[in-house]
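A.B. asks: Can you read through this structure? Questions will come right after.
The values are calculated or read from the model by the stated rules, or taken from the named source; none is laboratory data. This structure is a prediction, so every number in the text was calculated from the model and none was measured. Reconstructed Cβ throughout: ideal geometry from the backbone, glycine too, with neighbour counts over all protein chains shown. The area values use the complete protein model at the heavy-atom level, side chains included, leaving out ligands, DNA and RNA. Shrake-Rupley method; radii C 1.70, N 1.55, O 1.52, S 1.80 Å.
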Amino acid sequence: MSEKTTIAVAYGDGIGPEIMEATLKILDAAGAQLNYERVKIGKEVYLSGMESGIDPSAWDVFRKHKVFLKSPITTPQGGGYKSLNVTIRKTLGLFANVRPSKAYAPYVKTHFPDMDLVVVRENEEDLYAGIEYQQTSETVACLKLVSKPACESIVRYAFEYAKAYGRKKVTCMSKDNIMKLTDGLFHKIFDEVAKDYPEIENDHYIIDIGSALLASRPEWFDVIVTLNLYGDIVSDITAQVAGSVGLGGSSNIGESFAMFEAIHGSAPDIAGKGIANPSGLLNGACMMLVHVGQSAVAEKIQNAWLRTLEDGIHTGDIYNEGLSSERVGTQAFAQALIDRLGQEPQKLAPVRYNPDVKPIKVGRKSYAAVDKQLSGVDVFLDWVGSDKKRNPNELGAALAEFNTDKLQLKIISNRGQKVYPDGQPETFCSDNWRCRFVNPNGGIDYTDVIALLETLHAKGYYIGKTENLYNINGELGYTLSQGE
Ligand code: NAD
């Protein structure tokens, strides 16, 4: 192992610089063959007036080294600031976020001493893309985009991960009983990809009961694959029930780039006090060592780390009267670990990597174009009625006047619930109405939609948004409303 690998490094905000300093000190002491090139991101860049939070020169550094170790950064709340974490993950195509959560009982207090699971989270799309609009005075909307290539690559990644790391089962979590097209696509692709891995068990849970089980029976699970937002939430739950959110590392993997970090954030409440636990970033850095082919160094560090935990040398977040022997700060913890390099845990199972383990390579698949037939349009109107009574029957009767032989009003729904025709008077109606016009006899041309919109506009209706209704390969490419 002679040639050094250069990686990009960002010290981050809050506790970021303290835990990065401790982590790099440990990597160097363990003999990691690494050089570091520092990039500027986060608060200092936001404060210099760049809303992106990243100095443009950083992209060239990423391009050069392909591997990035990042401390947590603070995302300023409100304003036009976008989360830099999300920007980096998406710009560099880091589609897989891998977050292991393991118990280290009895040395780190947890109710679940046998838990040892990995959350594989889709990292680029879903509600987490943050595509939001104010549609009417009363309603705002967030667009949930889910694509076939993203589902396929994250699910395949989860199975490949299970194969590479000797895991036995992959569990999919989604909410496809409600979101039949978006979450339904994720589940469907999971079932298809699972067939390519007959040696690995697979199952599916609806995300609500799945999350409850992760919090109450985490030892049932092995690898979990799920969509972006659910993955964000459940991986914090699993990190916390394993003992502390301060312990978990995470990798963000793409086709060409990889970024490694801690699960936790910049912890501004304890920043500058020298008490933060560096273990999350350190465990992320060990995932990075495995990625760059230095798994022997990762093994050495993680075994010394386990030994430090066993010896009761604990930072405040995991300190426990009776279990811990010494409460230490960040740098003292790092030094205690360095003093134990070369030692192995005596009670906890030592970490062993298969020296042949290679970075998991999963590409993006393109899908053939589907046969799309336009058959109607949903027009979202901002409307309260002349007397502000929001009477769906008044709106329905008025819109039915604009029916043509190509487009006829089928239903009106309010926040997904059908309110016309034959709605129930008890249903609360906001000012946002989805008016569904379809051709009951087949396809239409987009000019039919334009003609309808022109009519509505000319009659003084405010159109907040439209959504085309397609039949895809002969099946509905949209969901029906409750009660439709
Ligand atoms: P947080 O994870 O920073 O902190 C949550 C709690 O855990 C706090 O009480 C904190 O003191 C404690 N904690 C976290 N890490 C710890 C550690 N290493 N040692 C000891 N205790 C630790 O979450 P938050 O307070 O919701 O977020 C703070 C900031 O971090 C926000 O600006 C958020 O946007 C950002 N954030 C960044 C990332 C990232 O860079 N990947 C991830 C999550 C949050």
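A.B. asks: Let me spell it out: the conditions are (1) in contact with a Ser or Thr (Cβ under 8 Å, 6 or more places away or on another chain); (2) within 15 Å of the ligand (Cβ to nearest atom), and LEU289 meets all of them except one. Which number is the exception?
C.D. replies: (2)
A.B. asks: Select the strands (runs of 3 or more DSSP E) contained entirely in the range 139-253, then report the ones holding at least 1 residues which are in contact (Cβ under 8 Å) with a residue 60 or more places away in the chain, open to solvent by less than 40 Å² (accessible area, probe 1.4 Å) and among the hydrophobic types (A, V, I, L, M, F, W, C).
C.D. replies: Ranges flagged: 140-143, 169-174, 223-226, 249-253.
A.B. asks: Just give me the residues in the range 65-74 being open to solvent by less than 50 Å² (accessible area, probe 1.4 Å) and in a loop (DSSP other than H, G, I, E, B), in sequence order.
C.D. replies: Those that are open to solvent by less than 50 Å² (accessible area, probe 1.4 Å) and in a loop (DSSP other than H, G, I, E, B): SER71, PRO72, ILE73, THR74.
A.B. asks: Can you name every residue in the range 303-332 that is out of contact with any helix residue (DSSP H, G or I) (no Cβ under 7 Å at 6 or more places or on another chain), buried (at least 18 other Cβ atoms within 10 Å of the Cβ), assigned to a helix (DSSP H, G or I) and modelled with pLDDT of 95 or more?
C.D. replies: Residues satisfying the conditions are ASN303, LEU306, ARG307, LEU309, GLU310.
A.B. asks: Is it the case, given these coordinates, that PRO421 is farther than 24 Å from SER137 by Cα and surrounded by 13 or more Cβ atoms within 10 Å (Cβ to Cβ)?
C.D. replies: yes
A.B. asks: Now a separate question. THR315: among the β-branched types (Val, Ile, Thr) and touching a Pro at 6+ places or on another chain (Cβ under 7 Å), yes or no?
C.D. replies: When the stated conditions are applied, THR315 does not pass them.
A.B. asks: Let me ask another. Can you tell me which residues in the range 10-48 are within 14 Å of the ligand (Cβ to nearest atom) and assigned to a strand (DSSP E or B)?
C.D. replies: ALA10, ILE41, listed by residue number.
A.B. asks: Out of VAL119, VAL86, I need the residue that is touching a strand residue (DSSP E or B) at 6+ places or on another chain (Cβ under 6 Å), within 15 Å of the ligand (Cβ to nearest atom) and open to solvent by less than 40 Å² (accessible area, probe 1.4 Å). Which one?
C.D. replies: Exactly one of VAL119, VAL86 is touching a strand residue (DSSP E or B) at 6+ places or on another chain (Cβ under 6 Å), within 15 Å of the ligand (Cβ to nearest atom) and open to solvent by less than 40 Å² (accessible area, probe 1.4 Å), namely VAL119.
A.B. asks: I've got another one for you. With (1) outside any helix (DSSP H, G or I); (2) away from the ligand (no atom under 15 Å from the Cβ); (3) buried (at least 16 other Cβ atoms within 10 Å of the Cβ) as the list, and PHE62 as the residue in question, which single condition is left unmet?
C.D. replies: Status for PHE62: all satisfied but (1).
A.B. asks: Another question, if that's okay. Looking at ASP269 and the list (1) open to solvent by 50 Å² or more (accessible area, probe 1.4 Å); (2) assigned to a loop (DSSP other than H, G, I, E, B); (3) under 24 Å from GLN331 (Cα atoms), which single condition is not satisfied?
C.D. replies: (2)
Yes/no matrix, rows are residues, columns are (1) open to solvent by less than 50 Å² (accessible area, probe 1.4 Å); (2) within 33 Å of the chain's Cα centre (by Cα); (3) under 30 Å from LEU409 (Cβ atoms):
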residue: GLN335; (1), (2), (3): no, no, no
residue: LEU341; (1), (2), (3): yes, no, no
residue: GLU344; (1), (2), (3): no, no, no
residue: ARG352; (1), (2), (3): no, yes, no
residue: LYS361; (1), (2), (3): no, yes, no
residue: TYR367; (1), (2), (3): no, yes, no
residue: VAL370; (1), (2), (3): no, yes, yes
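A.B. asks: Please go through the range 298-321 and give me each residue that is within 24 Å of TYR353 (Cβ to Cβ) and in contact with a Gly (Cβ under 6 Å, 6 or more places away or on another chain), ordered by number.
C.D. replies: Residues satisfying the conditions do not exist here.
A.B. asks: Would you pick out the residues in the range 427-460 that are exposed (fewer than 14 other Cβ atoms within 10 Å of the Cβ) and either within 36 Å of the chain's Cα centre (by Cα) or within 23 Å of SER137 (Cβ to Cβ) (or both)?
C.D. replies: Correct list: PHE428, TYR446, HIS457, ALA458, LYS459, GLY460.
A.B. asks: Looking only at the range 260-284, which residues are closer than 15 Å to ARG99 by Cβ and near the ligand (Cβ under 9 Å from one of its atoms)?
C.D. replies: The answer is GLU261, ALA262, ILE263, HIS264, GLY265, SER279, GLY280, LEU281.
Yes/no matrix, rows are residues, columns are (1) in contact with a Gly (Cβ under 9 Å, 6 or more places away or on another chain); (2) open to solvent by 60 Å² or more (accessible area, probe 1.4 Å); (3) among the basic types (Lys, Arg); (4) not assigned by TED's automatic domain parsing to the domain that holds GLY93:
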{"site": "ASP13", "(1), (2), (3), (4)": "yes, no, no, no"}
{"site": "GLU18", "(1), (2), (3), (4)": "yes, no, no, no"}
{"site": "LYS25", "(1), (2), (3), (4)": "no, yes, yes, no"}
{"site": "ALA32", "(1), (2), (3), (4)": "no, no, no, no"}
{"site": "LEU47", "(1), (2), (3), (4)": "no, yes, no, no"}
{"site": "GLU51", "(1), (2), (3), (4)": "yes, yes, no, no"}
{"site": "ILE54", "(1), (2), (3), (4)": "yes, no, no, no"}
{"site": "SER57", "(1), (2), (3), (4)": "no, yes, no, no"}
